[in-house]
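Here's the structure, in structure tokens; my notes come after.
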2 protein chains.
Amino acid sequence: MSTTANDQGRDEPVRWLDPAEKEAWTGLVSLVYLLPERLEAPLQRECGMSLFEYLVLSHVSEAPERRLRMSELAFLANGSLSRLSNVVKRFERRGWMERSPDPADGRYTLAALTGDGYAAVVAAAPVHVRAVREAALDRLDAEDRAALARVAEKLRVRPVDLA
Amino acid sequence: MSTTANDQGRDEPVRWLDPAEKEAWTGLVSLVYLLPERLEAPLQRECGMSLFEYLVLSHVSEAPERRLRMSELAFLANGSLSRLSNVVKRFERRGWMERSPDPADGRYTLAALTGDGYAAVVAAAPVHVRAVREAALDRLDAEDRAALARVAEKLRVRPVDLA
DNA sequence: TCGATTGACTTCAAGCGTGAAGTCAAAGAT
DNA sequence: ATCTTTGACTTCACGCTTGAAGTCAATCGA
């Protein structure tokens, strides 16, 4: 069913997409589906980790004392708490991360990088950056990149808004 | 590990991201992770289908005689053949699609919508369009939308390139 | 002081995607 | 005519995400 078809009935009329909107939308959908795989493949092949796993490790590596609260980390990595919890559990098994209650407030859990975890993300960073350049950044000019940042800012939703 | 950190060693020097590049990249990553869920939720809740499932049905509904070759459909929906095969198998079980060898060339499989399948996508279309508008299009101006289409064209990779 | 409430986080069963392995039709070579 | 090669597609085991259900710490009200 084309999203430019006629109103199919509902309380308020459906505002179908015009051609320019459809082009933008189709483009966005293709990015959403095709881009992750292109970022994942080199990371999986060369470092044995997914893009999400890389992002998690990367955010923690940049935090003070290389530790973050799980809720903050979930937000930074754009994932759910349950997804993050499963991922960090796997990292604990690999010896890459450790979890502990936050001394300041027991309701929070801190996730910290181990030495092995830090080494893994340091090794993966160049692979990731190379993939990011090849898949995206090097194919865009400054105007494109500015537009991406602008669009993302306008569309971004904080996980709290999903609750 | 920040993607703006120093070279960690490799054959050719790593071209770390500058601040503008990092902002664009961070924005793109958040789109890739957060957008699908916002499109999925209303479709799952109101129509019992995922975004990918909707896209598959939608493309077939727009094809001549509401039938397409699996390879073409996989391309249009931005998914792999094995993913599509699994999805269409589920659609067959629901009574929404049928598969048959292409009479013109037995190497190809045709996927066709049934009456029930067509009704399902017709019902889902307004839900999808509403979600697309709320999550993305209505938050962007014409310049943003043009930029999205342009960026997607530059980054788009056809599935054949992934082989 | 104590019970109720709220929010952070974990767990795990169910469902889905991936990708290697396999099947099959058509094309090409001999 | 027959065998080999190629490409389309399917299958299925494995691993991952989701989200409901549950646990636990801190806060609030009586």
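The values are calculated or read from the model by the stated rules, or taken from the named source; none is laboratory data. Just so it is clear, the model here is predicted, and its values are computed rather than measured. Virtual Cβ from ideal backbone geometry, glycine too; neighbours counted across all protein chains shown. We work out accessible area using only protein heavy atoms, side chains counted, and drop any ligands, DNA or RNA first. Shrake-Rupley method; radii C 1.70, N 1.55, O 1.52, S 1.80 Å.
Considering only residues that are surrounded by fewer than 20 Cβ atoms within 10 Å (Cβ to Cβ) and near DNA strand C (Cβ under 8 Å from one of its atoms), which ones fall in the range B:82-93? Once the filter is applied, which keeps residues that are surrounded by fewer than 20 Cβ atoms within 10 Å (Cβ to Cβ) and near DNA strand C (Cβ under 8 Å from one of its atoms), the range B:82-93 yields B:82, B:83, B:85, B:86, B:90.
When the range B:40-70 is filtered for residues that are part of a helix (DSSP H, G or I) and open to solvent by 50 Å² or more (accessible area, probe 1.4 Å), the ones remaining, listed by number, are B:44, B:45, B:46, B:59, B:64, B:65, B:66.
Within the range B:35-56, the set of residues being under 12 Å from the mean Cα position of the chain (by Cα) and under 18 Å from residue B:89 (Cα atoms) comprises B:50, B:51, B:52, B:53, B:54, B:55, B:56. Determine whether the range A:77-94 contains at least one residue that is away from DNA strand D (no atom under 16 Å from the Cβ) and either more than 21 Å from residue B:20 (Cα to Cα) or under 14 Å from the mean Cα position of the chain (by Cα) (or both). No. With respect to (1) part of a helix (DSSP H, G or I); (2) within 12 Å of DNA strand C (Cβ to nearest atom); (3) away from chain A (no Cβ under 13 Å); (4) open to solvent by less than 70 Å² (accessible area, probe 1.4 Å), the lone exception for residue B:109 is condition (1).
Of the residues screened, residue B:73 is one that is open to solvent by less than 20 Å² (accessible area, probe 1.4 Å) and within 10 Å of DNA strand D (Cβ to nearest atom).
Residues in the range A:98-154 that are free of Cβ contacts under 8 Å to residues at least 40 places away in the same chain, away from DNA strand D (no atom under 16 Å from the Cβ) and hydrophobic (A, V, I, L, M, F, W, C): A:119, A:129, A:137, A:140, A:142, A:146, A:147, A:148, A:149, A:151, A:152. Could you say whether any residue in the range A:72-87 is among the hydroxyl-bearing types (Ser, Thr, Tyr), in contact with a Leu (Cβ under 7 Å, 6 or more places away or on another chain) and in a helix (DSSP H, G or I)? Looking through the range A:72-87, none of the residues is among the hydroxyl-bearing types (Ser, Thr, Tyr), in contact with a Leu (Cβ under 7 Å, 6 or more places away or on another chain) and in a helix (DSSP H, G or I).
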